[in-house]
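Encoded as structure tokens, the structure appears first; notes follow it.
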Amino acid sequence: MWTSPRDRFLQAEIDSVDGLLNGLLCPNCSWRWSPAVADTAILYRSSDGPALSRGRRHQGSADIEELPPSIALCSTWLKKIDVEMKGLWLLLPLADAAMRRALVVVDMTVEQVANISYRKKEVISTIRNLAQNGQFDALIDSHLWFEKGGPPSSLAEMYPDIGRAGTLGAELIPELQGLGLEFVKKYQYSCFGGGADLERYLRERKIDEVVITGINTDYCVLATALDSFYALYQTRVVESGVSSFNGRAGHLEGVRSIHRFLGDIVVGAEEFLPGKEAVTIQE
């Protein structure tokens, strides 16, 4: 389901091409368009050709091999859509290609979690439940890690007492250790910023959707969600899995900012657990 204002616009465009493409047969792979696969489609406007979404390349698209190897429709569909939609390109993954999802846990270190009083136990419990039982293809621990020879960071000067590599305070809290989280070093408010390897890590694992938990809702969680959105990942923030050292007020301000900039992407943890009904958190 499309939830943000941007996604609702895209869904309207998808609806408008359903009639155009319905029944159109790909001559390369005999895959026939139907409205049933429209929910996986993403439209982008591009001045110099199709912009690409995440996912597998459509088989039989070797005739447009110059496109980056993420996803492309066969030339028959591309040409027809370009003519009829005047530059709006429809790109979709294979009908049977499942979305690959990563759980990103932000700054849940000993020294930073110590400053959390609002819903600390609930946040830890939610993250543990998601890591152990959630439907994810990657589990990532991303927290500040300032070391000699590492990328320069303004945060290292702003917060000289946290994130020091090799100190006990900079380690992941014991409650989240042993769950299979892979550590990706963080240098700025955003887990993507300042020379971090997170985006490379996600691309190597062909991740489509980023699910964010951790702290602080109004700082690093917000910044990471924005950068995830900019990088064209489907982005979600788990409401019960985030909190702030600024307490309830800071947490709610962070949630409001996420809604303001990114739409209804704050969701309940049940969306990622088997057999649970998805819930979108309204603010």
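Points to keep in mind about this one:
- Scope region 109-140; condition in contact with an Asp or Glu (Cβ under 7 Å, 6 or more places away or on another chain) and either polar (S, T, N, Q) or under 19 Å from Leu222 (Cβ atoms) (or both); matching residues: Thr109, Ile140
- Residue in region 145-166 that is outside any strand (DSSP E or B), over 23 Å from Leu226 (Cα atoms) and aliphatic (A, V, I, L, M) present: yes
Yes/no matrix, rows are residues, columns are (1) of a type in the set (A, V, I, L, M, F, W, C); (2) over 19 Å from Ile116 (Cα atoms); (3) not in a loop (DSSP other than H, G, I, E, B):
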position: Gly214; (1), (2), (3): no, no, yes
position: Leu232; (1), (2), (3): yes, yes, no
position: Val242; (1), (2), (3): yes, no, yes
position: His251; (1), (2), (3): no, no, yes
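- Single match in Ser142, Ser190 (criterion: under 18 Å from Val105 (Cα atoms), of a type in the set (S, T, N, Q), surrounded by 16 or more Cβ atoms within 10 Å (Cβ to Cβ) and in contact with a Lys or Arg (Cβ under 7 Å, 6 or more places away or on another chain)): Ser142
- Verdict on Leu232 being of a type in the set (A, V, I, L, M, F, W, C) and surrounded by fewer than 22 Cβ atoms within 10 Å (Cβ to Cβ): yes
- Residue pairs meeting the criteria (Cβ under 7 Å; at least 6 apart or on separate chains; first at positive phi, in region 245-259; second at pLDDT 95 or above and assigned to a loop (DSSP other than H, G, I, E, B)): Gly247/Ser117; Gly247/Tyr118
- Flag for Val104 being under 15 Å from Val184 (Cβ atoms) and either among the acidic types (Asp, Glu) or crowded, with 20+ Cβ neighbours inside 10 Å (or both): yes
- Region 155-186, subset free of Cβ contacts under 8 Å to residues at least 40 places away in the same chain and among the small types (Gly, Ala, Ser), residue farthest from Ile124 (Cα to Cα): Ala156
- For region 180-205, the candidate set comprises residues that are assigned to a loop (DSSP other than H, G, I, E, B) and of a type in the set (Ser, Thr, Tyr); within that set, the residue that is farthest from Tyr159 (Cα to Cα) is Ser190.
- Every listed requirement among (1) in contact with a Phe, Trp or Tyr (Cβ under 7 Å, 6 or more places away or on another chain); (2) exposed (fewer than 14 other Cβ atoms within 10 Å of the Cβ); (3) among the acidic types (Asp, Glu) is met by Glu199 save one, (2).
- Taken together, Arg248, Arg260 contain a single residue that is basic (Lys, Arg) and modelled with pLDDT of 95 or more, which is Arg248.
The values are calculated or read from the model by the stated rules, or taken from the named source; none is laboratory data. Only a predicted model underlies this, so the values are computations on that prediction, with no experimental measurement involved. Backbone-built Cβ (ideal geometry, glycine too); neighbour counts: all protein chains shown.
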